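The values are calculated or read from the model by the stated rules, or taken from the named source; none is laboratory data. All values derive from a computational prediction rather than experimental measurement. Every residue, glycine among them, receives a Cβ derived from its backbone with ideal geometry; neighbour counts consider all protein chains shown.
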Amino acid sequence: MQSAPASSCLQAVNKTAGIKRWIANTLYRKNTVFLLLLLTPPLLWFGVVYLGSLFALLWQSFYTFDSFSMSVSPDLTLENYRSLFEATNLDIILRTLGMAIAVTLAAALIGFPIAYYMTRYGSRAEQGFFYVAVMLPMWSSYIVKAYAWTVILSQQGVLYWSFRHLGLLPVLNEILQIPGIGGNTLATSNLGRFIVFTYIWLPFMILPIQAALERVPSNLLQASADLGAKPAQTFRNILFPLVFPGVVAGSIFTFSLTLGDYIIPQLIGPSGLYIGNMVYTMQGSIGNMPLAAAFTVVPMVLIFIYLALAKRAGAFDAL
């Protein structure tokens with residue numbers, strides 16, 4: 001005969017097991033409830049933390065900054081957005097946008113042949129080598145790579161050493177004299193900044209293009225050749241339209257990452273702020289949080305427009 005404590009303990013265990021079975025049966029029969037329980041924590045995080053912070057940032061962009069007292073008041077105004085169209089601020093926006101477009105185009109021109117060779121001509125060993133070569137820079141620290149390029153592009157760096165021994169140093173100096181591109185050295189030129197941007201974001205272009213190329217059936221290219229199409233015609237009418245979503249998918253990364261970068265414009269290139277540097281200057285040095293928030297909205301709007309265009313091009317299917 002069981003004792004009273006043992007009997008009550010057994011009843012508690014049975015009751016707990018019954019509650020668990022009831023919960024399991026309820027969730028099994030009502031999939032909507034189960035799905036809601038799974039999605040509630042991430043949706044709360046996304047809605048409260050992510051969207052909430054973005055809304056707070058957008059709201060602060062309408063605040064008023066008193067340049068005399070260096071204080072921010074909650075009086076709503078559109079002055080911060082009007083100031084974005086002033087010559088100095090508009091130049092910063094256009095400079096950043098121009099660099100983002102240039103880096104995206106260069107990454108596509110360099111990344112497409114590499115991805116094509118990896119997919120169509122490389123042996124298994126060569127494909128493995130290219131995968132490691134493409135992924136290896138992504139394993140190292142972004143800051144380390146940026147600082148390493150300051151040494152590479154300096155006058156005592158390996159690039160100047162190579163140009164000097166190849167007898168091409170006068171050519172490099174002529175290029176650096178071009179307005180808007182050059183500078184005193186590669187490390188202080190827009191060309192050097194462009195090279196570093198392209199190098200760091202290039203893997204983000206190669207991988208989506210390579211994934212898109214793998215989905216192109218080889219028999220389509222063979223059929224085009226059998227029907228008498230020249231390689232340029234096959235590329236223009238068959239290959240590129242099928243791979244274009246992968247190019248656009250890679251451009252999402254290169255464009256958005258360049259648009260919001262802060263470190264590289266700080267370390268490499270001539271004087272002249274980019275959007276990221278301007279946000280830091282307004283918020284960190286001057287304390288003009290409303291204008292900093294307004295500048296932050298600019299890349300958000302540009303990226304939103306770019307994503308809308310990329311979606312129409314089918315880029316998300318290639319990710």
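Which of the following residues is touching a residue at least 40 places away in the same chain (Cβ under 8 Å), assigned by TED's automatic domain parsing to the domain that holds Gly276 and within 22 Å of Leu267 (Cα to Cα): Met118, Met138?
On the way: Met118 fails: within 22 Å of Leu267 (Cα to Cα).
The unique qualifying residue is Met138.
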Of all residues in segment 257-287, how many are touching a residue at least 12 places away in the same chain (Cβ under 8 Å) and surrounded by fewer than 20 Cβ atoms within 10 Å (Cβ to Cβ)? 11
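Report yes if Ser251 is surrounded by fewer than 24 Cβ atoms within 10 Å (Cβ to Cβ) and not β-branched (Val, Ile, Thr), otherwise no. Show your work before the answer.
Numbers: surrounded by fewer than 24 Cβ atoms within 10 Å (Cβ to Cβ): no; not β-branched (Val, Ile, Thr): yes.
Against the criterion (surrounded by fewer than 24 Cβ atoms within 10 Å (Cβ to Cβ) and not β-branched (Val, Ile, Thr)), Ser251 does not qualify.
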Every residue in segment 77-108 that is farther than 18 Å from Ile305 by Cβ, surrounded by fewer than 12 Cβ atoms within 10 Å (Cβ to Cβ) and not basic (Lys, Arg), please. Leu78, Glu86, Ala87, Thr88
Which residues, counting only those in segment 219-250, are more than 30 Å from Pro203 (Cβ to Cβ) and within 34 Å of the chain's Cα centre (by Cα)? Gln233
Wholly enclosed helices (runs of 4 or more DSSP H) of segment 190-248 bearing at least 2 residues assigned by TED's automatic domain parsing to the domain that holds Ile152 and surrounded by fewer than 16 Cβ atoms within 10 Å (Cβ to Cβ): 218-226, 231-234
Within segment 169-207, the residues that are under 24 Å from the mean Cα position of the chain (by Cα) and small (Gly, Ala, Ser) are Ala187, Ser189, Gly192
